[in-house]
């Protein structure tokens, strides 16, 4: 995770230096629109506990959750308004879909031969707002943002199958404070449309409260519910996206 954060920080610094050079040389501002709507898609790389694929060294019901999430799909829609020089405000709504790595989960938890685990996918939602900078020429903009807001997260429903039955484990979805910072470029094809290329990092700490186990043995079913148990997962997602900008 630290490597990705340092890489993103370096990219942000390089963009800021380049943008400053453009502005100092009289090429900043231009005739670019103050309001931009962006739609982007790309890769979402799980970091922190979300991407952790190692077995817990403490009890299975510990308060530390390892996510076993794979690299997945990220999308977002954003609106940015530049109101004072290069300074503006951005609103972003997005999400990440990351599959659950059942084979690795089975392996590291040392399931007996013939037993295996599968799981549904993660969906991490982002609802964020914060300041942004748009610097450079009218045809080529360097964008930097720092956003905060709500990050939601489900937990995959994990099904363990074995000879004679299965166990289905599920947890309620959760939400908490999150942040996102990133940098990218916008290349305007014309006055109305442009290309977006961005790198970003989203972070949050999510607390899952409660779980349900459904044990199936032939025709017999036993359901166990614990509403008080808490599991904490540090969510990190490194994103690389491309998209379309609409200048309004």
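The values are calculated or read from the model by the stated rules, or taken from the named source; none is laboratory data. Please read all numbers here as calculations on a predicted model, not as lab measurements. Cβ placement follows ideal geometry from the backbone for every residue including glycine, while neighbour counts extend to all protein chains displayed.
Numbers below:
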quantity	calculated
Residue that is within 25 Å of residue 152 (Cα to Cα), more than 19 Å from the chain's Cα centre (by Cα) and in a strand (DSSP E or B), where the choices are 227, 216	227
Qualifying residue in region 22-30 (condition: in contact with a helix residue (DSSP H, G or I) (Cβ under 9 Å, 6 or more places away or on another chain), within 30 Å of residue 135 (Cα to Cα), surrounded by 15 or more Cβ atoms within 10 Å (Cβ to Cβ) and modelled with pLDDT of 80 or more)	no
Candidates 67, 38, 42, 88 - the one that is touching a helix residue (DSSP H, G or I) at 6+ places or on another chain (Cβ under 7 Å) and either in contact (Cβ under 8 Å) with a residue 60 or more places away in the chain or over 19 Å from residue 205 (Cα atoms) (or both)	67
Matching option when the condition is under 28 Å from residue 129 (Cα atoms), surrounded by 14 or more Cβ atoms within 10 Å (Cβ to Cβ), modelled with pLDDT of 85 or more and under 24 Å from the mean Cα position of the chain (by Cα), among 94, 102	94
Flag for residue 150 being part of a strand (DSSP E or B) and in contact with a helix residue (DSSP H, G or I) (Cβ under 8 Å, 6 or more places away or on another chain)	no
Some residue of region 62-72 being at positive phi, surrounded by 15 or more Cβ atoms within 10 Å (Cβ to Cβ) and modelled with pLDDT of 95 or more	yes
Exclusive hit being closer than 19 Å to residue 243 by Cβ, modelled with pLDDT of 95 or more, touching a helix residue (DSSP H, G or I) at 6+ places or on another chain (Cβ under 6 Å) and not in a loop (DSSP other than H, G, I, E, B), set 142, 124	142
Matching option when the condition is assigned to a loop (DSSP other than H, G, I, E, B) and within 25 Å of residue 227 (Cβ to Cβ), among 112, 156	156
Cross-chain or 6+ apart pairs with Cβ under 7 Å, region 182-200 first and over 15 Å from residue 92 (Cβ atoms), then in a loop (DSSP other than H, G, I, E, B) and modelled with pLDDT of 95 or more	none
Set 203, 178: member being touching a residue at least 60 places away in the same chain (Cβ under 8 Å), surrounded by 16 or more Cβ atoms within 10 Å (Cβ to Cβ) and either touching a helix residue (DSSP H, G or I) at 6+ places or on another chain (Cβ under 7 Å) or under 19 Å from residue 96 (Cβ atoms) (or both)	203
Residue count, region 162-180 (criterion: assigned to a strand (DSSP E or B), out of contact with any strand residue (DSSP E or B) (no Cβ under 6 Å at 6 or more places or on another chain) and modelled with pLDDT of 95 or more)	1
